[in-house]
Amino acid sequence: MNLPLRGGYNKLRLYFFNIKGLMKLKVKNYLSLLSRRIPFLLRLGTSFSGVRSYIPIFCLALSVSCLSCVSWGKGVSKAMYVEMEDLHVPEHVSYSGSPFGNLVEKTFSDERNIGFQEPRENRARHTPHYVYVLDIGDDALLARIHLIRSAQKAIYLQTFIWTDDESGRYVAYELVQAAKRGVKVKIIIDLWKSAGPPALMAYLASAHLNIEVKLYNPSALLIKPSVLRMIPELALRFKQVNQRMHNKVFIVDDRMGIIGGRNYENDYYDRGEKRNFKDRDVLVVGPVVRDMTDSFSQYWAFKLSVPGRDLIDVGRLIETRNGFEQFDSKEGLQLHGLFDDMDHLADDREYIQKKFVDKAFRVGRVKFVADRPGKNDSAGLTGGGIATDELFRMLSHAQKDIVMQTPYLVLDRTLLRGIKKLRGRRQGLDILISSNSLASTDHVHAYAFAYKQKKLFVKYLRFRIFEFKPVPRDIVAMMPRYGLIKTVEPADTKNNGQGGSLSVFSDGNRMESQERHLCLHAKSFVVDDKMVWIGSFNLDPRSAHLNTEVGLIIDDEAVARAVKENILRDMAPQNSWTIGKYKNVPVISLFSGLLANALRLVPIIDIWPFRYTTCFELKEGKDVVPYYHKNFYDNYETVGSFPDVRFNLRDIETMLLKAFLGIAEPII
């Protein structure tokens, strides 16, 4: 029996999603009522004895949690969609004010020459496309602002994070201006890890009739649910709560699009005070953008994409019109002068021509890959997805080498099985991986798991791993704005929660570098200098099984070489440390290795202090060689497991994370 679509359906389906054949609706209503009462009852408790009386409610919720996982696995069926809109833009669109108009005209005129009797997927496969790889954050924001201002009919946007900081407010303002020109704007945001109060979402959801905002799978119908509200959510919907929309898609007029790893936050666009992400997007012009629109349409029609106005905290702000009046004018956005140059450059036709259009690659074969909403039908925390299958299908074609860049490197059984198959077919395959060091990562938990798996990576899978330095020598080339970053005084942070930088919205990672630094966030895979994947897929269990992901596969040698060269620069000795095994210590090395292997089989404990791998720095004047080369120890010197870490206790903290979070690996 499907839950009703109207009335109180939102709260019911958020607590008990599609539990077919497991419970009667009246049971679901009863348990849902109990779960909604838990925060209220706990607030009433003035003593432990008062709270203790409600412990049975928690036990009941926990007992149902396993059923909630099973219910998700019963299938994300057609019943989980409302009527799907046709969001395509069929009519001719002209861009007289943008140099991208020339690329649009060339691409779609070529498509017309192929003939409309061909299926659309065949036309997209054979029609030339134009792509530009956005490696620099400032360029990525400039491209988005220019395309927003150039849009004629529609803008569709999907993102995982949208923070109420300068960049988040700036993009929101530009989208509102486009809506006022008559452009239809539709936005889907996950918001699970977004920082700041709901004021910005309330503004976007009510700014203009041409703007619609939906939130994907919100918890307790709130942008910022309290810990108490999250307890029944996690108990009753553990799998559903952890299933997130990680897609990063930006579509303009069904003609131009951007796919990659960037969210909407200062750190992604070279405007963070302390940390900035070294990320990668790809701008594409051509018929493949229609496939992006098809995917967006599925998420827009998905029942767990909830209109922003239906969220409790957002709706309350919209009703009272209190807390976001300052967004009505550009002066009230508190942009602190971070975009003065961009305001001018985004309208400079000649600059956009030279910066993007003249340097765009003309490619023949591209393919857009996207998970469907809900990811998979698995009852547990595994199950894979379309993106997982397509990525490994691409990697399976490798004959010579695979060059990867991923911020997080954690392999579960499924990912490990896929890599082992690659190794089995191609023993001499060179696999190079660029990832974060402990000093540069924004996710210490993911690094702890990666650290635990280092021996597996190096000894058995023969990965050549390069851990990114927080302040690489080539940082100015990677981030030209490095010397221009402004520091916003705390006095500029208002009571409504608007922040001056992402340092205000800390991830709670005390161990990250406190210098102005870079953190890798790009997700790219290059095969044999021929094919490249650019998208949102991290090499970790969450991307493989829980988060929906997107990617663009470009079958073109020039683009593949360009991306590979950029990643190899990140791997260079001046920018990364090389991971290699410790030089064996006589007598105890064999014993140490055997005991360490045995202890690491236990998922929730890892107490053996002797490690198999460490970080190495290239000696001056020596040649770069792999860690398994006979001259490696002559050419490199060890710098310890965690170089550039400011706390002496960081080794211990990382081991503690490994010791107590082993069972959490599926959701890392």
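Below is a table of values for the structure above.
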| read-out | value |
| --- | --- |
| Packing-based exposure ordering (other Cβ within 10 Å, fewest first) of LYS186, LYS420, LYS523, LYS581 | LYS420, LYS581, LYS186, LYS523 |
| Stretch gain in nm, segment ASP358-VAL639, where the contour uses 0.36 nm per residue and the Cα spacing is subtracted | 96.8 nm |
| Compactness index (Cα Rg / 2.2 N^0.38 Å), the stretch 125-363 | 1.01 |
| Distance in nm between pseudo-label sites at LYS583 and LYS180 (7 Å out along the Cβ direction from Cα) | 6.8 nm |
| Point-to-point label distance, ARG462-GLU350, nm (Cα→Cβ direction, 7 Å offset) | 5.5 nm |
| Added length on full extension, which subtracts the Cα-Cα distance from 0.36 nm per residue, ARG393 to ASP294 | 33.4 nm |
| Pairs beyond 28 Å (Cα-Cα), from LYS581/LYS619; LYS330/LYS375; LYS452/LYS630; LYS355/LYS619; LYS530/LYS630; LYS303/LYS420 | LYS330/LYS375; LYS355/LYS619; LYS530/LYS630; LYS303/LYS420 |
| Paramagnetic reach from HIS336 in the stretch 128-160 [backbone N under 18 Å; point 7 Å along Cα→Cβ] | 138 |
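Where a number appears in this text, it was derived from the coordinates with a stated rule and is not lab data. Worth saying up front: this structure is predicted, and the values here are computed from it rather than measured. Don't worry about glycine lacking a Cβ; one is built from the backbone with ideal geometry, like all the others, and counts go over all protein chains shown.
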